[in-house]
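Undergrad: Encoded as structure tokens, here's the structure I'll be asking about.
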Amino acid sequence: MAAAVGGALRRFLRAYEQRAVLAVAAAGVGIFCVLPLGVLLARVALSPQDATSAWSSSRPWILAARSAGLALAVTAVALVVGVPLGVLVGRTDAAGRRVAGLLHVQPVFLPPFLLALGWFHVFGRRGALGSEATSAVLFSEAGAILVLALAFAPVVTSLVAVALNGIDPSLEEAARLVARPLWVTAGILLPAVAPAIVLAAIAVFALAFSELGVPMFLRVDAFPSAVFARLGGVDYAPGEAFALVLPLAPVALALLALERRFVGRRSFAVLGLRASERDRLKLGRWRPAASALVWIAAALSGAPVLALFWRAGQGDGFAQMGAWVGRAPWNGLVSGAVAATLITLFGLTVGHAVARGLPGSRSLDALAVLAFVTPATLLGVGIIDVWNRPALRPVYGTLAILVVGYAGRYMVIGVRTLAVVISQSSPQLEEAAAVAGAGFLRRLTGIVAPVHARGLAFAWLLALVFCLRDLETAILFYPPAGEPTTVRIFTLEANGPEPVVAALASAHVAITAAAVVVGAWRASRGARG
């Protein structure tokens, strides 16, 4: 009797195991991504007069419009720079394109305000190439647009280059028989990777609209600064901050609608993994000019980083850094690593469901996208509203709150990365295991995870990098003595010694570079194994 009951129970669990695992993943997405936004929307429904009062003057509207205009300008410049560079790096025979491409992409791994700090040491009044005129340009809206565009253009370059390598080569080869490289690019390649370009534009706009550090450093009024001032500045008024961010919800929903309309599942195809070596587009007499453009882009990406190291060495900043850094690097690495692990675990479950078209997976993917495109101030204030309660002090008063913030904002990285990876493989192994009696969880951990170990490592590494570079989310609720390195540098920038601040920024660059190198090495070893 007991054996029969046990067998029936096992059959029941096996039949509903997949739903149970997805339900756990859905709960995680709900807690990290949806709950902060839902609480704020409920606040609007219960107290609409708060939002009306906060937006009764013209200043919030002016700041919101200015931030939107800034983000649109940054997106436009990033596309103008990044799309051609993506083509040159991804599909042409430009000289040294791979090395130059890697150098050009490195700003993706760094907080934009560190790059602004580097450009200050180049073009600021006392910079290496600075003057009153260059300083005036840098500390202006035009300067903020250029700094952010150079910081985010590599996002466009990377997505376009990867997408180009995912195109069916037969389309390109047929076109090359009858058309020149320029017409092949304009008529075949760019239309084929249009979803990747749209995805890049959405990502750049969302990151630029949320950017706090660069506008504040360059003294450009922007909406995130107004919210931050009411949570951590002289104008401390948390209730007003809550009211200020509420009308930003339509921005997030509009970006989500654009992503669903123009990208959606099509991104899995254009960001595929078919990157076999193929003939490069021959540039002919244009090759020297194209090669020069690629290397100029690499130089512009590396200049602010080199300037940070130069300034730190000029004033003995590295020797004094130990007295100022505290536990910030440890805080950032621990919270980032834990968050990256959570992001990867949820990404494996939800990404697999999206790749295999399981019921409800598209909704979970959309919610993860919504949390990423939501302005960081809106998500951060929602996290404060949810977790800043006496009963939740073990979370809100420790590094755990950073993990919550990172996991919520960057969950989409794990989901989308692993959905793309898994969608490139056949489900036959999983189907054979299911026929043999393996349950969903066993198939997920025993087949999907080992087969896609390299993709898992890459997803974890990418999530870690985004957590390490985060400032806009963490600065709103980091715990006492728990600030990560980005927040530590940002808070010291105004009053700390310049060489020490530059040394801390240089150390952060080195830590991030080491994480990327080690992670890439481990991923390549896993692939060979």
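Undergrad: Is there any pair with a first residue in the range 107-132 that is of a type in the set (K, R) and a second that is in a helix (DSSP H, G or I) whose Cβ atoms are under 8 Å apart and which are 6 or more apart or on different chains, and what are they?
TA: Note: pairs meeting the criteria are R125/E132; R125/S135.
Undergrad: Take A523 and decide whether it is at pLDDT below 90 and either assigned to a helix (DSSP H, G or I) or under 20 Å from P304 (Cβ atoms) (or both).
TA: On the way: at pLDDT below 90: yes; either assigned to a helix (DSSP H, G or I) or under 20 Å from P304 (Cβ atoms) (or both): yes.
Judged against the criteria, A523 is a match.
Undergrad: May I pose another question? Looking at (1) part of a helix (DSSP H, G or I); (2) more than 20 Å from Y16 (Cβ to Cβ), which one does S426 not meet, given that it meets all the others?
TA: The one condition S426 does not meet is (1).
Undergrad: Within the range 484-523, can you find the residues that are among the aromatic types (F, W, Y) and surrounded by fewer than 17 Cβ atoms within 10 Å (Cβ to Cβ)?
TA: W521
Undergrad: Only one of A407, A353, A376 is closer than 22 Å to Y478 by Cβ, crowded, with 17+ Cβ neighbours inside 10 Å and at pLDDT 90 or above. Can you tell me which?
TA: A407
Undergrad: Let me ask something else. Given the structure, is R389 at pLDDT below 95 and either surrounded by 19 or more Cβ atoms within 10 Å (Cβ to Cβ) or closer than 25 Å to E17 by Cβ (or both)?
TA: Against the criterion (at pLDDT below 95 and either surrounded by 19 or more Cβ atoms within 10 Å (Cβ to Cβ) or closer than 25 Å to E17 by Cβ (or both)), R389 does not qualify.
Undergrad: Restricting attention to the range 311-320, does a residue exist that is assigned to a loop (DSSP other than H, G, I, E, B) and over 28 Å from A116 (Cβ atoms)?
TA: So the first thing to find is which residues in the range 311-320 are assigned to a loop (DSSP other than H, G, I, E, B), and the list is 315-316.
The next check asks that each one be over 28 Å from A116 (Cβ atoms); those that pass are none.
The answer is no, given that none of the residues of the range 311-320 is assigned to a loop (DSSP other than H, G, I, E, B) and over 28 Å from A116 (Cβ atoms).
For (1) closer than 18 Å to V354 by Cβ; (2) under 26 Å from the mean Cα position of the chain (by Cα), each residue gets a yes or a no:
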residue	(1), (2)
A419	yes, yes
A436	no, no
A449	yes, yes
A457	no, yes
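Undergrad: Taking only pairs six or more apart or across chains, which ones have beta-carbon atoms under 8 Å, a first residue in the range 322-348 that is assigned by TED's automatic domain parsing to the domain that holds L399 and buried (at least 22 other Cβ atoms within 10 Å of the Cβ), and a second residue that is of a type in the set (A, V, I, L, M, F, W, C) and not in a helix (DSSP H, G or I)?
TA: N331/L399; S335/L399
Undergrad: Restricting the search to the range 470-491, which residues are in a helix (DSSP H, G or I), at pLDDT 90 or above and of a type outside the set (V, I, T)?
TA: Listed by number, the residues that qualify are A474, R488, F490.
Undergrad: So, one more: If you take the residues in the range 429-444 that are of a type in the set (A, V, I, L, M) and in a helix (DSSP H, G or I), which one is surrounded by the fewest Cβ atoms within 10 Å (Cβ to Cβ)?
TA: So the residue we want is V435.
Undergrad: Go through the residues of the range 421-430 one by one and say whether even a single one is charged (D, E, K, R), out of contact with any Lys or Arg (no Cβ under 7 Å at 6 or more places or on another chain) and at negative phi.
TA: From the range 421-430, those charged (D, E, K, R) are 430; that's our starting set.
This time we only want the ones that are out of contact with any Lys or Arg (no Cβ under 7 Å at 6 or more places or on another chain), so: none.
No, every residue in the range 421-430 fails to be charged (D, E, K, R), out of contact with any Lys or Arg (no Cβ under 7 Å at 6 or more places or on another chain) and at negative phi.
The values are calculated or read from the model by the stated rules, or taken from the named source; none is laboratory data. The shown structure was predicted, so the numbers you read here are calculated from the model rather than taken from an experiment. All Cβ positions, glycine included, derive from the backbone under ideal geometry; neighbour counts span all protein chains shown.
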